[in-house]
Every structure is written in C-alpha cells, then in structure tokens.
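We did not get these values from a lab; they are worked out from the coordinates using the rules stated. Please read all numbers here as calculations on a predicted model, not as lab measurements. Positions of Cβ are generated from backbone atoms using ideal geometry, with glycine treated the same way; all protein chains shown enter the neighbour counts.
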Amino acid sequence: MEELTRLLHRAYATQAASGLRFFASYQSAEDTRFRLEKGECWVAWNEGGDMVGTITVVAPFLAPAGYPVRRPAGSFWQLAVDPSCRGHGLGHRLMELAEGRVRARGLSQVVIDTSAEADDLVSWYRRRGYVPIGAWRWAVTNYDSIVLGKDLGSSPL
C-alpha cells in the first residue's frame, strides 16, 4: 500500500502544485487500501520492477445520491502514471483495460469525474470518447468536478 500510495502522490503532484487538491495527491496508505477494496486494482510495472501505473475498476459503481449517472455503470479511479513514464500510452492502456473490465461485468456505461479546472485531463478524456454529463463536489477535494460518461455499447447515456 505504501508503494502504491507514493505512486499516486507522484502522479498527482503537478495538480497539487497548481492548487488542485485531488484526493490521490494526499491520501494515506489506509485510504488507498479502502479505495482498492471497492474494486479491482491493476498495477503496471516497468522492466526494472518499479511500479509505474495503476487504476482501480469498480463495476458496478454505487454512486452517491444525486451523482449524475443515469443508469447502472462502471467507473474507475486512482488512474495514475508515474511522471517519468508519461507520453507512451500507458494511461490510455490502463483506461482501455478498465473499460474492458466494465464490459466483462455486463455494463455498457462508464462514468468518471475529475476537476473541472484540469483542462488537460478533461481534454484527454474527451479525446477518448468521454462526454460531460454533469457536475459533482466531493468533500475531500477543493474543486468542482466534471462528471464524464462513455457509452461502451449501444445504449445512450
């Protein structure tokens, strides 16, 4: 848990430095464990044996009351790539893995959220087919989130 938590902190350090308080930028190892227990944690290692990426897949996603999801959906969180490994498609591969796991669980929708102020992240998700479907505010962050959805099958969001 400690190594995974350090990876999350490294991966979200840029956002934290810009003033965005992503939970993954400061969560404890106990928080990491709690979040992992809600789904499937996938980890990527480099050839040297270093942990360089992760994603947690939750399907079905039990959204809190009022969260803007319109039908049963899967989700993923704690998507993180070590800064030294960015730009090589690892984040995209982790996201594709998560979408495949959601499909394997019989769901055709994915819903995620990120800071509405993180233009680079929002654009990255939108280039991969995610569309805005609402807004949300988590108690553990200091920003409003944009909720994004993606249709993995034939049903509309």
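If a paramagnetic tag sat 7 Å from the Cα of Phe34 along the Cα-Cβ line, which residues of the range 10-27 would have the backbone N under 18 Å from that point? Only 21-27 pass the distance filter.
For the range 54-157, the relative contact order is 28 percent, taking Cα pairs closer than 8 Å that sit 6 or more residues apart in sequence and dividing their mean separation by the residue count. Paramagnetic label reach from Arg105 (point 7 Å along Cα→Cβ; backbone nitrogen cut-off under 18 Å): within the range 133-153, residues 148-153.
If R0 is taken as 30 Å, the Cβ-Cβ distance between Glu117 and Asp50 corresponds to a FRET efficiency of 0.50. Inverting the pair-averaged 1/r between distinct Cα atoms of the range 1-59 gives 12.0 Å as its Kirkwood hydrodynamic radius.
In this entry, the chain is assigned a mean projected area of 8.9 nm², taken as a quarter of its C-alpha convex hull surface.
Computed over every Cα-Cα pair of the range 21-91 and binned at 10 Å starting from 0, the pair-distance distribution P(r) comes out as 17, 42, 32, 7, 1 percent. Using a simple spin-label model with pseudo-atoms 7 Å out from Cα toward Cβ, Tyr67 and Trp138 lie 1.0 nm apart. With both residues required to sit in the range 34-150, DSSP beta bridges show an antiparallel share near 95%.
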